[in-house]
1. In degrees from 0 to 90, rounded to the nearest 10, what is the angle of the helix 190-200 Cα long axis to the longest principal axis of the chain?
2. Find how many whole Å separate the alpha carbon centroid of region 87-131 from the alpha carbon centroid of region 1-68.
3. Could you state the angle between the C-alpha long axis of helix 119-128 and the longest principal axis of the C-alpha atoms of the chain, as a value from 0 to 90 degrees rounded to the nearest 10?
4. I'd like the distance between the alpha-carbon centres of region 373-441 and region 216-250, rounded to an integer number of Å.
5. Please state, as a whole number in µm²/s, the translational diffusion coefficient that the Stokes-Einstein equation yields for the chain at 20 °C and 1.002 mPa s, with Rh defined as the Kirkwood radius across alpha carbon pairs.
6. What percent of all Cα-Cα pairs in region 43-300 falls in each 10 Å bin, counting up from 0?
7. If you line up the long axis of helix 221-241 against the longest principal axis of the chain, both from Cα atoms, how many degrees apart are they, to the nearest 10?
8. Loop-only check: which trypsin sites (Lys or Arg not before Pro) in region 181-226 are DSSP coil with at most 12 other Cβ within 10 angstrom?
Amino acid sequence: MPDRELMLFGTQQVRDDGHLEVGGCDTVALANEFGTPLYVIDEAHLRQQCREYRERFAERLPKATICFASKALTTTAICRIVDQEGLSLDVSSAGELYTAIQAGFPPERILFHGNFKLDQEIQMALDVGVGRVVVDSLSELYRLAEAAQRAGTETDICLRVVPGIKPRTHRYVQTGQVDTKFGLHIGTGAAAEGVRVATELEGVVLRGLHCHIGSQMFELDSLARAAEVMVEFMAQMRDEFGVMLDELNLGGGLGIAYTSEDAPPSIAELAGTVAQAVQEAADNCSYPVPEIIVEPGRSLVGTAGLTLYTVGPVKEIPGVRTYVAVDGGLSDNPRPALYGAEYTAVVANRANQPHTIPVRLVGRHCESDTLIDEVALTPVREGDIIAVFSTGAYHYSMASNYNRFPRPAMVLVQDGQADVIVRRESLEDLTRQDIMPERLR
Ligand SMILES: *Cc1c(COP(=O)(O)O)cnc(C)c1O
């Protein structure tokens, strides 16, 4: 394979000694100090992505709110950074909400999502006073209104609506088409019914509509079409029920580069496309341009993360391929198994060498847990450090204890300083919840 251009993000660079650096820290030193596998988050890059979202949307729209979809990466430190950058926060479970509150995130800037919010979760949302509950079904609407009335309060909501649009992305992350578990469909009349009921019920105040059509999208035409359909539906609600809604939440979904083949649109292009689609549709329907909310997850944190591994056995099978085993795998990154996700990697302690030898990077679980099917590396030896790029989103948050692997630590790096923000799990942590019943003793 020809040597490839390294794909570097944020503060990543190759030092004179050939080591990969991020946040002013030598990744090889990070691996030595904190152990591997290790999730590393580039704080400056994460903050930069937050600002880029805020600024590019502010330039194009009179009122825009950027809301981090915390499911991509939820820890208290990450919530704090997102708060400091002035973003809002999506949560979709009691656990994510609890984490945000523990981090001191202002509840009025939290949106609560989910297609089946438990009664305890609805109560928790009311107790902490989240800014918006994004209602996903009629049954939830009734349960929420009832709980709010019981508590003698009122809560602001928006309705999750299905525009009936299928973006070109992996089918596991498509959510805007007709055949979906999420939301109330425009096409079946369920969305209009939801709007009517929401405006009549006490305890809830309908502020706007929400849709989220998919994730890891590389083309913005589906999103533009969704924006248009949503604005038209808002105008229809005005005409049918005299309801004026002034918030339109268009969800997340912007793709990122996992390999050099990926060329996602920029945040500026996203903002431009959304603004134009909303403005045109609003003009056509003589509707005031609503406040736009977007909910990026992956595109905020994905490229700010990398994972460091230590190389174990290297097996060359003549005429077939070379297998390079690392000290992690499926438990810290389920995405190759889930979605056939692709990645690129570099030998972090010789990043300045030509990376031309194709190998298969595999984990150490009792599965054929492939991390990268084929990646060109410089010749690797046991003990080398491998960095896999773009692992900030949906890695730690999807990690498991499969094979009873303790979950990795996470460090936040900035200006040469590295702080642990998630402690590595210990063996004791693994049996902490286990109970030996009396009769087995
Ligand atoms: C997952 C999700 C997002 C974020 O999606 P990304 O593809 O990570 O940007 C936003 N909104 C909702 C409702 C989601 O479920």
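Read the figures in this text as sums done on the coordinates, not as results from a lab. The structure displayed is predicted, hence computed values, not measured ones. Note that we place each Cβ from the backbone using ideal geometry, even for glycine, and neighbour counts take in every protein chain shown.
1. Long axis of 190-200 versus the principal axis of the chain: about 60 degrees.
2. 28
3. In the chain, helix 119-128 runs at an angle near 80 degrees to the longest axis.
4. Region 373-441 and region 216-250 have Cα centres spaced 41 Å from each other.
5. Working: Rh = 23.1 Å.
Here the translational diffusion coefficient equals 93 µm²/s.
6. Spelled out per bin, shortest first, that is 7, 32, 38, 20, 2, 0.
7. The angle comes out at about 20 degrees.
8. On the way: sites: Lys181, Arg196, Arg207, Arg225; in loops: Lys181.
The qualifying sites are Lys181.
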